[in-house]
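The values are calculated or read from the model by the stated rules, or taken from the named source; none is laboratory data. Computed from a prediction, not measured in an experiment: that's the story for all the values here. Every residue, glycine among them, receives a Cβ derived from its backbone with ideal geometry; neighbour counts consider all protein chains shown.
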Amino acid sequence: MILDTEQETLPREELQALQVRRLRATVERCYQTIKYYRDAMDELGVKPHHLKSVADVQLLPFTKKENLRENYPFGMFAVPTDQVVRIHASSGTTGKPTVVGYTRRDIRTWARVMARSLAAAGLRAGDRLHNAYGYGLFTGGLGFHYGAEELGVMVTPISGGQTQRQIMLIQDFEPTGLSCTPSYALNLAEAAADMNIDLRKLPLKVGVFGAEPWTEEMRYELESRLGIDAVDIYGLSEVIGPGVATECIEAKNGLHVFEDHFLVEAVDVDTGQPIPYGEPGEIVITSLTKEAFPVLRYRTRDVSILDPAPCRCGRTHVRMKRVTGRTDDMLIIRGVNVFPSQVEAILMQTETLTPFYQLEITREGNLDLLTVNVEGSPPLVAQGPVAMERVGHKAQKDIKDFIGVTAQVVVKRTGELPRSEGKAVRVVDHRKKQK
Ligand code: DLL
């Protein structure tokens, strides 16, 4: 279902005309109200009236995470704080978080793009959503919550954790939709199986999963364990939260970026130069309608490919391929670049291994060592250590053959690795501590 039919199916020319109008207004506001943007534009000699086409976005300065941090907490707001009705913050691993703000209209815009996302995923008014994204400073919980209400969906604001209780409520409330990170969905599936509850027999029909990288193999796993369609949703707090881009259930092949609200580019990670459609680049986003916290050319550090091909769902909005990971999550092991999600894809092709895995990096002398810890399936574990080791060696060879990286694969017993309640911790890096 296309919720905002007119906006989501605009012919490209009309869409671009709308984008230019909104872009100019956004840039004007940024220039007038946010010192960072005025200074950065003055330095490049760019004025708001220079923006005459969508491509002119390239005249604008980039915005990076550190620019937001330097203006902590409210220095990037374009409105006085008495017009801000909500803040969220992204959890910085070190130091201060990045704070983002919303006016009442921003909250409505966000609810609307989230309602669109849920509709694209196949949910309708009258459906029920079990929302296990975290509520709080993280945008996941409240983002889905407002979107579900906007669509007319009954939402259970369960947040993360208390997994067995969640299973009980899924049985009792009979939700048709599940929203959480893919790693938590897996956790729920495992807990249900342990409780002898077959989620496939319940009315659950769709999962809207995002906030962390996941693979086609994981989609297959979740769809078969839960008896659902699993749909990918993307977003980031700096831009709005979830609801920047979502897959449609018709194609499940790339995420439509809601381009009437977000102008998307792909650029070369090192040079910042534009990357043509169809080739991988860093996703850069300019908000077109936000009031409190507009962003110009925000460098997401997420790598993807933009695909303008028409989609069978009828939307004209460009699709981005699933995000394989953030540039800063990319590991460089003895000169080979590797994303944890690439390792996930390989592990999951081995039937006797489970999707519960974690990567560990250590240093021996000058050499980085990558250890892939993964739990074996119960039948494999029952066969004992020799069989487990054999499967580990095979996976090790596959990783070397397909990714080119040397890793040691250690097959663990069930329950030995931590279970995720939100964004999974895929990499434990011991190198810093060892120094
Ligand atoms: O994770 C917003 C969100 C909540 C998206 C719920 C989807 C569902 P942040 O905490 O600011 O916001 O983290 C944003 O998470 O830059 C990506 O690196 C990663 N990410 C988000 N969605 C996906 C996805 C939320 N579908 C960062 N696939 C982004 C891969 C994703 N990575």
Can you tell which of Asp398, Asp328, Asp302 is at pLDDT below 95 and either more than 15 Å from the ligand (Cβ to nearest atom) or closer than 26 Å to Gly241 by Cα (or both)?
Asp328
I need a count of the residues in region 211-242 that are assigned to a strand (DSSP E or B) and in contact with a His (Cβ under 9 Å, 6 or more places away or on another chain).
1
Pick from region 138-179 the residues that are touching a residue at least 40 places away in the same chain (Cβ under 8 Å) and touching a Pro at 6+ places or on another chain (Cβ under 7 Å): which of them is nearest to Ser237 (Cα to Cα)?
Thr139
Segments classed as helices (runs of 4 or more DSSP H), wholly inside region 341-435, with at least 2 members that are among the acidic types (Asp, Glu) and free of Cβ contacts under 8 Å to residues at least 60 places away in the same chain
385-403
Being of a type in the set (D, E, K, R), in contact with a strand residue (DSSP E or B) (Cβ under 8 Å, 6 or more places away or on another chain) and away from the ligand (no atom under 15 Å from the Cβ) is the filter; apply it to region 202-259 and report the residue that is nearest to Gln7 (Cα to Cα).
Asp229
Restricting to region 327-340, count the residues that are among the β-branched types (Val, Ile, Thr) and without any contact (Cβ under 8 Å) to a residue 40 or more places away in the chain.
1
Which of (1) away from the ligand (no atom under 14 Å from the Cβ); (2) in contact with a helix residue (DSSP H, G or I) (Cβ under 6 Å, 6 or more places away or on another chain); (3) not basic (Lys, Arg) does Ala185 not meet, given it meets every other one?
(1)
How about region 138-196: which helices (runs of 4 or more DSSP H) wholly inside it have at least 1 residues that are more than 22 Å from the chain's Cα centre (by Cα) and at pLDDT 95 or above?
163-173, 182-194
Let me confirm something: among Arg322, Arg301, Arg312, which residue is of a type outside the set (Val, Ile, Thr), in a strand (DSSP E or B) and touching a residue at least 12 places away in the same chain (Cβ under 8 Å)?
Arg301
Do you know which residues across region 306-321 are within 18 Å of the chain's Cα centre (by Cα) and surrounded by fewer than 20 Cβ atoms within 10 Å (Cβ to Cβ)?
Asp307, Lys321
